[in-house]
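Enquirer: This is the structure I have questions about; it appears just below.
The values are calculated or read from the model by the stated rules, or taken from the named source; none is laboratory data. The model shown is predicted, which means the values in this text are computed figures rather than measured ones. So basically every Cβ, Gly included, is an ideal-geometry build from the backbone, and we count neighbours across all protein chains shown.
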Amino acid sequence: MLGPEHPAVAAGLNNLATLYQDLGRYAEAEPLFKRALAIGDKVLGPEHPDVAVRLSNLAMLYRDQMRYAEAEPLAKRALAISEKALGPEDPEVATRANNLAVVYRYQRRHAEAEPLFKRALAIGDKALGPEHPEVATWLSNLAMLYRDLDRYAEAEPLGASRGRRAPQRPGAAIQGSGPRCRGGAARQARARDQR
């Protein structure tokens, strides 16, 4: 039997919180994300990649609620943990860079968002290949940033010249990305993108 602080319990809490977030039930998602994060911090250690995933998830929940001041430090910490634990060229680092860039973009801090979107793309192109769905998501996010800035000449070729489109769930805008659900130390599929 698993105890209340087992990593599998934290993974289940994280997964349920993700479902609640997807359903717009933010008040129910937040304490589950926080509890999963607390378990990860205690059991796995504050520098574990799973902790970075949970920090990023909580940051994206706050982003969804326009709580940017709370989202930003979590997204920054998630990126720093991923860089340290996995190395600067790991696809998880690209995901965390994209998610921090999304937080900046929503605050209209475009100068801070742009290099992070470009970094995510560079890592993704190299590590995952230019046709990977996550890379397409990051490409679309950069194009939306250029659209925000009325830089249409830079936005248009991002999709057309590479011949790829980011996957979308019905009714969802492309923004955050990456694995939000993780069981134990095993990485889950990267194909599921975050709102």
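Enquirer: Would you be able to say whether some residue in segment 29-51 is modelled with pLDDT of 95 or more, within 17 Å of ALA120 (Cα to Cα) and surrounded by 24 or more Cβ atoms within 10 Å (Cβ to Cβ)?
Expert: No, the conditions are met nowhere in segment 29-51.
Enquirer: Return the residues of segment 48-78 that are farther than 16 Å from ALA94 by Cα, of a type in the set (D, E, K, R) and touching a residue at least 40 places away in the same chain (Cβ under 8 Å); say none if nothing qualifies.
Expert: ARG63, ASP64, listed by residue number.
Enquirer: Is segment 37-50 home to any residue that is within 30 Å of ASP148 (Cβ to Cβ), assigned to a helix (DSSP H, G or I) and either hydrophobic (A, V, I, L, M, F, W, C) or within 17 Å of the chain's Cα centre (by Cα) (or both)?
Expert: Just the residues of segment 37-50 that are within 30 Å of ASP148 (Cβ to Cβ), to begin with: none.
No, segment 37-50 contains no residue that is within 30 Å of ASP148 (Cβ to Cβ), assigned to a helix (DSSP H, G or I) and either hydrophobic (A, V, I, L, M, F, W, C) or within 17 Å of the chain's Cα centre (by Cα) (or both).
Enquirer: How many residues does segment 87-134 contain that are within 21 Å of VAL51 (Cα to Cα), among the acidic types (Asp, Glu) and buried (at least 16 other Cβ atoms within 10 Å of the Cβ)?
Expert: Adding up the residues that qualify gives 3.
Enquirer: Here is a list: VAL43, VAL102. Which entry is in contact with a His (Cβ under 9 Å, 6 or more places away or on another chain) and either more than 27 Å from VAL135 (Cβ to Cβ) or among the β-branched types (Val, Ile, Thr) (or both)?
Expert: Values: VAL102 fails: in contact with a His (Cβ under 9 Å, 6 or more places away or on another chain).
None of the other options fit; the residue is VAL43.
Enquirer: Got a sec? Which of PRO115, PRO91 is over 26 Å from LYS34 (Cα atoms) and of a type outside the set (S, T, N, Q)?
Expert: Working: PRO91 fails: over 26 Å from LYS34 (Cα atoms).
Exactly one residue qualifies, and that residue is PRO115.
Enquirer: Enumerate the pairs (first residue in segment 7-24 and among the hydroxyl-bearing types (Ser, Thr, Tyr); second residue anywhere and surrounded by fewer than 21 Cβ atoms within 10 Å (Cβ to Cβ)) with beta-carbon separation below 7 Å, excluding pairs fewer than 6 apart on the same chain, so at least 6 apart or on different chains.
Expert: THR18/CYS181; TYR20/GLU28
Enquirer: Exactly one of these conditions fails for LEU61: (1) buried (at least 17 other Cβ atoms within 10 Å of the Cβ); (2) not in a helix (DSSP H, G or I); (3) not charged (D, E, K, R). Give me its number.
Expert: The number of the failed condition is (2).
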